[in-house]
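Comments concern the structure below.
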Amino acid sequence: MNASLAIFFVLAAVAVAAAVSLILQRHPIHSALSLIVVMVALAGLYLLMGAEFVAAVQIIVYGGAVMVLFVFVIMLLNAGEEEHTSFSKLAGYAGIPMAVAVAGLIAAAITRSTLPPAQDPTALTSTRSLSMLLFQDFVYPFELTSFLILVAILGAIVLAQREGN
Amino acid sequence: MSEFLHQYAFLIVPIIKVAILVLVLLTVDAYLTWLERKVIAHIQARWGPHRVGPHGLMQPLADGLKFIFKEDPMPANVDKPAYFIAPFVALMLAVTSFGVIPFGPQKFTLWGYESSMGIADVSISLLVLFAITALGVYGVALAGWASNNKYSLLGGLRSSAQMISYELALTLSVVGVLLIAGSFSLREIVEQQGTANLGFLSWNLFGFGHGIGFTQIIGFSCFFIAAIAETNRVPFDLPEAESELVAGFHTEYASMKFAMFFIGEYTSMVAVSCLATILFLGGWLSPFPASWTFTYYVPSLLFIPFGLWLIYDGIHYENIFGRIVLPGIGTVLTLVGIALILFPPANHLLQGLFWFVLKVFIFMFVYIWMRGTLPRFRYDQLMSFGWKFLLPVSIANVVLTSAVILWRMH
Amino acid sequence: MVPTSYYLILSAILFGLGMIAFVFKRNIITIFMAIELMLNAVNLAFVAFSKAFGKSDGEVFVLFVIVVAAAEAAVGLGIIILTARNRRSLNVERVDLLKL
């Protein structure tokens, strides 16, 4: 059990616990906070794999902008706690064992396949090589995503206008 | 014992550095509040704290005791997890940002572990700082919402919307520096500014002597204005000003939790000043060219007269406590100055740290000076300034810098 | 060294949890957050494969996924705000005017 494996298990446990907490919480703001914990744990896992730029972008964009948007909307809409409705017994007693069985099947299939060997945390992806790829091989999708963001901004502004303006 | 130290040095040395940093940081924060009250008072033609110790130097201690002993009421119907987490998040993020800031150029080896003058030397330290700034919005937003108070909610939402808007201008104004330095690592950015032997003219602010750079005055102005808006200071402090919205997002916080917000705000101010000196003002580089080695004695030349003046001023102080403490501090400073002249290795070690601290102190003084001088923006003026003026100017700075770099490369 | 399959199993677990949250929760914002959780799980799988094969193409794709998720969150939350204002509730079971 070396240091990388120990850190992986800690971060993975935190991510899974936060994802379970997202399901179990009643108030959406607590679910949002749990999702932020998942994203920070995933950023830690990206760092463990050596993808440092992706980890930083994950925290800056996902954790610092997208989730702030979620938190703002929850605060503005004053979302209350979920109402208590009846839980379907079929879903509870048959669904969850089946989900666990499917997950176990997938896990078994993954571990038995011949994948490339283990991740090396010291093989850092340099930002320079990433930007070479982004601006030379993938320049067309890059420009398309900038157009997509422009369309999203226009859409959000149009949606936010009140009637009669 | 020595074997244990050598084996676990990679863990023990950073822990020692973190302990020293947190101690120094909290003391600096406390005396920053003293400095702010004194400077603003003198700007407003009054004295400020001058009773609680010589020149009011014990005032932070008194404030700390007050915060510890004050009652900590918790309003009814607050959202308990968010209410308790928000001040912790604000303080923790502000202090964590010091983990990647380099304070000096030296690398030293302790128990077989080589480390630098800074806690961690990461290759993406600038991105880590931006990530921490991005997460800092949560402290404010959660505090405003959890307080079950409509004024706090409005203040929290306004403050976090302001922080997000100016975060864009903050990150874009730094891109010019990144283009010149070619790296995200703060240490490499400072070292790149020191390659030309021109002293302060080779800092990124002026940008002479490299052949690949361009003056970053526009970027520096955008960065500094955006940083003031990020830390919610005057003139951008509408969401937390005392005469508006009661007290904004920290209305319902008292005593220790309010102290945590307070310390978090000052710590983030110091962090942003450190970042500004590293990116634009050359970090630990001396303003004199590196080949003028006689300028290594400038710190001593500043310490010795200041120490002697403190001794002289303290001897004539009104009460006995001041007559002991002030000359004591003055003697220590004079002895440090003389020791620096007599021991060149120590002098060499402290050069980088001295210039870094001096530049950060200048930024803090400008922050406090602005608080005493400027009125505050109205909220819609603030938002339109951030989106309609600062963001386009930052983008124009990026375009201009990259155009100059491309032109010079041919 | 952590085997690649560990990361893939974690990604599958997170994706499954996101799916469970998507199916069982009733608040529209929580359902949207479950979608973001599923996207994050997929990002983890992308980065794991990218580092396993040594090429950085997977990481570039992760950047694109993050950008698209941000754009989708912006527009989606705008629609959610309008719907909530219209139906005065954030419960998806209340938006049933087209039911038979």
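Points to keep in mind about this one:
- Considering (1) surrounded by fewer than 18 Cβ atoms within 10 Å (Cβ to Cβ); (2) touching a Lys or Arg at 6+ places or on another chain (Cβ under 9 Å); (3) modelled with pLDDT of 85 or more, the lone condition that residue B:27 does not fulfil carries the number (2).
- The lone exception for residue B:200 - which of (1) crowded, with 21+ Cβ neighbours inside 10 Å; (2) within 22 Å of the chain's Cα centre (by Cα) it fails: (1)
- Scope segment A:30-54; condition closer than 13 Å to residue A:14 by Cα and hydroxyl-bearing (Ser, Thr, Tyr); matching residues: A:34
- Matching residues, segment A:125-165, being part of a loop (DSSP other than H, G, I, E, B) and either of a type in the set (A, V, I, L, M, F, W, C) or closer than 22 Å to residue C:71 by Cβ (or both): A:138, A:161
- Residues satisfying the stated conditions in segment B:174-221, i.e. under 25 Å from residue B:120 (Cβ atoms) and assigned to a loop (DSSP other than H, G, I, E, B): B:182, B:183, B:184, B:185, B:194, B:195, B:203, B:204
- Top-ranked residue in segment A:114-136 [being free of Cβ contacts under 8 Å to residues at least 24 places away in the same chain and more than 8 Å from chain C (Cβ to nearest Cβ); ranked as nearest to residue B:182 (Cα to Cα)]: A:128
- The single condition among (1) more than 14 Å from chain A (Cβ to nearest Cβ); (2) in a helix (DSSP H, G or I) that residue B:47 does not satisfy is (2).
- Meets criteria (more than 14 Å from every other protein chain (Cβ to nearest Cβ), assigned to a loop (DSSP other than H, G, I, E, B), modelled with pLDDT under 85 and within 18 Å of residue B:367 (Cα to Cα)) for residue B:246: no
- Within segment A:100-127, the residues that satisfy the criterion of being under 22 Å from the mean Cα position of the chain (by Cα) and surrounded by 15 or more Cβ atoms within 10 Å (Cβ to Cβ) are A:103, A:106, A:107, A:110, A:119, A:121, A:124, A:125, A:127.
- Which listed residue is surrounded by 12 or more Cβ atoms within 10 Å (Cβ to Cβ), at pLDDT 80 or above and assigned by TED's automatic domain parsing to the domain that holds residue A:37, from A:148, A:130, A:76: A:76
- Flag for residue B:98 being part of a helix (DSSP H, G or I), within 30 Å of residue B:174 (Cα to Cα), in contact with a helix residue (DSSP H, G or I) (Cβ under 9 Å, 6 or more places away or on another chain) and aromatic (Phe, Trp, Tyr): yes
Residues are listed down the side, and each one gets a yes or a no for (1) surrounded by 14 or more Cβ atoms within 10 Å (Cβ to Cβ); (2) among the aromatic types (Phe, Trp, Tyr); (3) within 25 Å of the chain's Cα centre (by Cα):
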site	(1), (2), (3)
B:333	yes, no, yes
B:343	no, yes, no
B:351	yes, no, yes
B:361	yes, yes, yes
B:364	yes, no, yes
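- Per-region count, segment B:13-70, residues aromatic (Phe, Trp, Tyr) and within 22 Å of residue B:370 (Cα to Cα): 3
The values are calculated or read from the model by the stated rules, or taken from the named source; none is laboratory data. Bear in mind that the values here come from a model prediction, so they are computed numbers and not experimental data. Positions of Cβ are generated from backbone atoms using ideal geometry, with glycine treated the same way; all protein chains shown enter the neighbour counts.
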